[in-house]
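All remarks here apply to the structure that follows.
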Amino acid sequence: MEKWLYCASQLSQWDALVVFGKLVDNYEIRLDSLWKQPDWAYLKDVILKAQVDETPKFRIIQAYFALHEKNTNGVAEAENIVGKGVDLALEQWWQLPEMSVHARIPLLQQFQLVEVQESARIIVDIANGNKVAGSSVVGVHGSLYADLKDILETWRLRTPNEWDGLTVWYDLLQWRNEMYNGVIDAFREFSTTNPQLHHLGYRDKAWNVNKLAHIARKQGLNDVCVSILEKMYGHSTMEVQEAFVKIREQAKAYLEMRGGGSLPVAVI
């Protein structure tokens, strides 16, 4: 059973994992899969009923849910949850054997808690920036949204190792994908007043999706690569450079699939 769960997670079969988690009454599996679908409405229902051990991962998911609404109340709640998550992570860290390196790797990967803190800063920066911009001329001040731009640039530079499992990448980039959606929604009306800000979320979201698909393909998961490219971006327009990367990844994935066959027309 553990091997099946591992394979299903590596293949990003979150629907199947949610169904399985419900059948065996395992809240931990359901929680970890629902936010990746993402199904926030169902996740809310599960979180309220969840009976799982207090772990850093559980705290991360709680913080994700708190930030999902993209408001300052959620930010305050998420910061409180993150504090508890850090305490749990440090407590587990000190319980590990001193010379055990491999035992620490999963816990190190759970220190995505810093991503939650940065996500909270993005939400606050957007809220504060919109207040200032709304009182004058939208998008004129170059100093607005400085925190947001710095964090998005840092996220491109801070990624897992290429040899880390796809689930490690998926955990990180799926949440960032949610934040890029928030950036897109915040600047949707800026297309004429500030095109650079308007395209900011689209550009980083496309890079994020292409990067995850690339890692899936490099790890031999060509079906997952194609699925990510087809479903995760979700918008009808994409910058030319990222559109080229998407088509290239699609083509390479299809060519590497066993059985070959003709390549379908890429949808940008």
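Starting from 0 in steps of 5 Å, tell me what percent of the Cα-Cα pairs of segment 23-75 lands in each bin.
Values per bin, smallest distances first: 4, 20, 33, 26, 13, 3, 1, 0.
Can you tell me, using C-alpha contacts under 8 Å and at least 6 residues apart, the relative contact order of segment 196-239 as a whole percent?
That works out to 41 percent.
Just subtract the alpha-carbon distance of Glu162 and Ala243 from 0.36 nm times their residue separation and send over the number in nm, one decimal. Mind dumping the intermediate values first?
Values: separation 81, 0.36 × 81 = 29.16 nm, distance 2.22 nm.
Computed gain between Glu162 and Ala243 is 26.9 nm.
When ligands, DNA and RNA are left out and all protein chains stay put, how many square angstrom of accessible area per residue does segment 1-121 have with a 1.4 Å probe? The partial results should precede the final answer.
Working: 7080 Å² over 121 residues.
Heavy-atom SASA per residue in segment 1-121 reads 58 Å².
In whole percent, how big is the carbon plus sulfur part of the accessible area of the chain, probe 1.4 Å, protein atoms only? Before the final figure, lay out each step's value.
Numbers: 7880 of 14400 Å².
The nonpolar share, carbon plus sulfur, comes to 55 percent.
Based solely on C-alpha atoms, express the radius of gyration and the Dmax of the chain in angstrom.
Every Cα atom of the chain included, Rg and Dmax give 19.6, 60 Å.
Between Arg188 and Val114, 0.36 nm times their residue separation minus their Cα-Cα distance comes to what? The partial results should precede the final answer.
On the way: separation 74, 0.36 × 74 = 26.64 nm, distance 2.70 nm.
Working it through step by step, the gained length comes to 23.9 nm.
Which value, in Å² and to the nearest 10, is the accessible area of Thr55 when all protein chains are kept and the probe is 1.4 Å?
The value for Thr55 is about 40 Å².
Could you sort out which of Lys218/Lys252; Lys70/Lys205; Lys44/Lys231; Lys211/Lys252; Lys84/Lys149; Lys3/Lys84 sit more than 20 Å apart by Cα distance in this structure? Mind dumping the intermediate values first?
Numbers: Lys218/Lys252 10 Å; Lys70/Lys205 17 Å; Lys44/Lys231 23 Å; Lys211/Lys252 14 Å; Lys84/Lys149 28 Å; Lys3/Lys84 31 Å.
Over 20 Å Cα-Cα: Lys44/Lys231; Lys84/Lys149; Lys3/Lys84.
Label points 7 Å out from Cα along the Cβ direction at Thr72 and Lys22: separation in nm?
In this crude spin-label approximation the distance works out to 3.9 nm.
The values are calculated or read from the model by the stated rules, or taken from the named source; none is laboratory data. The shown structure was predicted, so the numbers you read here are calculated from the model rather than taken from an experiment. Cβ coordinates were reconstructed from backbone atoms using ideal geometry, including for glycine residues, and neighbour counts include every protein chain displayed. For the accessible areas, the whole protein counts, side chains as well, though only heavy atoms, and no ligand, DNA or RNA atoms are used. Shrake-Rupley method; radii C 1.70, N 1.55, O 1.52, S 1.80 Å.
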